[in-house]
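Bear in mind that the values in this text are calculations on the coordinates, not laboratory data. From a predicted model like this one, the values you see are computed outputs, not experimental measurements. Note: ideal-geometry Cβ built from the backbone for every residue, glycine included; neighbour counts use all protein chains shown.
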Amino acid sequence: MITETGTDFRKAAALLEAGKVVAVPTETVYGLAANATDADAVLKIFEAKQRPQFNPLIVHVPETAQAFDYALAVPDAAHRLAAAFWPGPLTLLLPKKNVISDLVTAGSDRVALRVPAHPLFRTLLKQLSFPLAAPSANRSGSISPTRASHVQQSLDGRIPYILDGGESAVGLESTIVGFDAADQPVLYRVGGLSPEAIEAVLGHSISLQHQPAEHPVAPGQLRVHYAPDVPLYLGDLNFLSQQHPSGKTVIICFRNPPVDPIIPHFMLAPEGDLETAAKNLFTALHWANSQAADQILAEPVPETGLGLAINDRLRRASVNYEF
Ligand code: TXA
Ligand code: MG
């Protein structure tokens, strides 16, 4: 199969209407989309990504009202979060109606819903008469894509079309919020919307659900994820340089260059802001992966705001960190 890249949303719509998969730009990361109400189309997502079928998919719609159409019940807190953050990098886990195929939710009675903010993706969604199921557009377990070229590298020859919407503005996957038996919000995945922003709307704190490694509630939260082809070590850069002195090293640093600036490095945010670091994170990982290095050294960013999600992704990409 030839993979074409372009900006033609009508072509993307025609392919999706024909039951094909198309890579689409979102403000978080690129997604690999198919008609969420067509099980045969959804199956092609799992095939193209080589994703295990126990891992469910997020359903994308253009408006909040449509999202809640697929939910059996919507807690008050879900309404408030949607009003504050949709369209945007928030996914809500809600009890599903039957029209959503079991393949999309991997047999769960809850569906993950998101109203994305990327203008070209929204134009595409509004053109369609069905919602789009879409995981990130990378091979299962590898680095998420924030540019059309990242998708091309990962899925070339496996999908017909990549809708190019430029670089993803947020750069981290959506934050996933579900609700417990008492309708209290629970954080299932840290992501492109900070916990502080959510707490400000709720008026109280929200806790991160501990996910058992073997059977996570949000099954994408596996220990090994975002993995580069060579080992990535996460920690203090000076310490790591002494621990791993041999071979070719490349470095991902936050705001300051490494002590030895001759070592090839990618600075996530020279100004030290976490928004820029988030936007650059997956580009940095793709860059490091393309350097034919023997090892990648990376340092954590401050553990606040978007820094929680950045450090989460770095830990999952690393070989030396145990959850
Ligand atoms: O920003 C994003 O969320 C991107 C863009 C494309 O929207 N999508 C994305 O999808 O990151 P994916 O498949 O890479 O990650 C979705 C996560 C996985 O951890 C999956 O297990 C979880 O959401 N998830 C999806 N549906 C679920 C469900 N019904 N119940 C529990 N977890 C679910
Ligand atoms: Mg993913």
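Once amide H atoms are built 1.01 Å from N in the peptide plane, which residues 5 or more positions from Ala33, or in another chain, come under 5 Å H to H?
Val22, Ala23, Val24
For Val111, list long-range residues whose amide hydrogen, built 1.01 Å from N in the peptide plane, is under 5 Å from its own amide hydrogen.
Residues meeting the amide H criterion: Leu94, Lys96.
Restricting the count to DSSP beta bridges whose residues both fall in the chain, what percent are antiparallel, rounded to a multiple of 5?
Numbers: 17 of 39 bridges.
Beta bridges within the chain, antiparallel portion: roughly 45 percent.
Under 14 Å from the Cβ of Val115, count the other residues' Cβ atoms, weight Lys and Arg +1, Asp and Glu -1, and hand me the total.
Around Val115, the charge tally is 0.
On a C-alpha basis, how far is the centre of region 168-213 from the centre of region 277-323 in Å? Whole number, if you could?
20
Looking at region 241-323 from every direction and averaging, what is the projected area of its Cα convex hull in nm²?
Values: hull surface 21.7 nm².
If you wrap the Cα atoms of region 241-323 in a convex hull and average its projections, you get 5.4 nm².
Can you find, among Leu268, Asn280, Ile296, the residue sitting farthest towards the positive end of the charge dipole of region 245-310, where Lys and Arg contribute +1 and Asp and Glu -1 at Cβ?
Selected residue: Ile296.
Is region 10-63 best put as rounded, prolate or oblate by its Cα gyration tensor, with a ≥ b ≥ c the root eigenvalues, rounded for a/c under 1.5, and otherwise prolate when a/b is larger than b/c, oblate when not? Don't skip to the answer; put the middle values down first.
Numbers: a/c = 1.55, a/b = 1.18, b/c = 1.32.
Oblate, since a/c reaches 1.5 and b/c is not below a/b.
Express in nm, to one decimal, how much length is gained between Ala200 and Glu17 on full extension, taking 0.36 nm for each residue of separation and deducting their alpha carbon distance.
Computed gain between Ala200 and Glu17 is 61.9 nm.
Among Ser136, Ser205, Ser168, which one shows the biggest mean-square fluctuation in a GNM of the chain, springs joining Cα atoms closer than 10 Å?
In this elastic network of the chain, the residue with the biggest mean-square fluctuation among Ser136, Ser205, Ser168 is Ser205.
What residues qualify as long-range amide H neighbours of Asn320, i.e. H under 5 Å apart, gap of 5 or more or another chain, H built at 1.01 Å from N?
Counting only residues 5 or more places away or on other chains, the set is Leu234.
When the chain is fully extended, how far beyond the present Cα-Cα distance does Asp40 get from Val186, taking 0.36 nm per residue of separation?
Details: separation 146, 0.36 × 146 = 52.56 nm, distance 3.22 nm.
Full-extension gain reported as 49.3 nm.
Per the Kirkwood definition applied to all pairs of different Cα atoms, how many angstroms is the hydrodynamic radius of region 46-143? Don't jump to the answer; show the numbers that get you there.
On the way: mean 1/r = 0.0715 Å⁻¹.
Kirkwood radius, region 46-143: 14.0 Å.
Sorted by packing (mean other beta-carbon atoms within 10 Å per residue), highest first, where do 251-260, 234-243, 25-34 land? Numbers along the way, then the final one.
Working: 251-260: 17.2, 234-243: 15.6, 25-34: 29.0.
For the peptides 251-260, 234-243, 25-34, the packing ranking is 25-34, 251-260, 234-243.
Can you tell which of Thr146, Thr37, Thr304 shows the greatest fluctuation in a Gaussian network model of the chain with Cα springs below 10 Å?
Maximum fluctuation in the GNM of the chain, among the listed residues, is at Thr304.
Quick one: what Rg and Dmax do you get for region 124-198 from the alpha carbons, in Å?
Values for region 124-198 (Cα only, Rg and Dmax): 15.5, 47 Å.
Ratio of alpha-carbon Rg to the 2.2 N^0.38 Å globular estimate for the chain, to two decimals, please.
Values: Rg = 19.2 Å, N = 323, 2.2 N^0.38 = 19.8 Å.
Rounded to two decimals, the normalised Rg is 0.97.
Quick one: plug the Kirkwood hydrodynamic radius of region 228-283 (C-alpha pairs) into Stokes-Einstein at 25 °C, 0.890 mPa s, and report D in µm²/s.
Details: Rh = 12.1 Å.
Roughly 202 µm²/s, to the nearest whole number.
From the square roots a ≥ b ≥ c of the eigenvalues of the alpha-carbon gyration tensor of region 155-203, which class results: rounded (a/c under 1.5), prolate (a/b over b/c), or oblate?
The shape class here is prolate.
To the nearest Å, what is the center-to-center distance of region 52-73 and region 1-49, using C-alpha atoms only?
A separation of 16 Å, based on Cα centres.
For region 165-323, which semi-axes, largest first and in whole Å, follow from the square roots of 5 times the eigenvalues of its Cα gyration tensor?
Values: eigenvalues 180, 60, 36 Å².
Listed largest to smallest, the semi-axes of region 165-323 are 30, 17, 13 Å.
Enter the per residue convex hull volume of region 51-106, computed from alpha-carbon coordinates, in Å³ rounded to the nearest integer.
Working: hull volume 4.8 nm³, N = 56.
It is 85 Å³ per residue.
Extension gain Asp294-Glu63, at 0.36 nm per residue separation less the Cα-Cα distance, in nm?
On the way: separation 231, 0.36 × 231 = 83.16 nm, distance 4.60 nm.
Computed gain between Asp294 and Glu63 is 78.6 nm.
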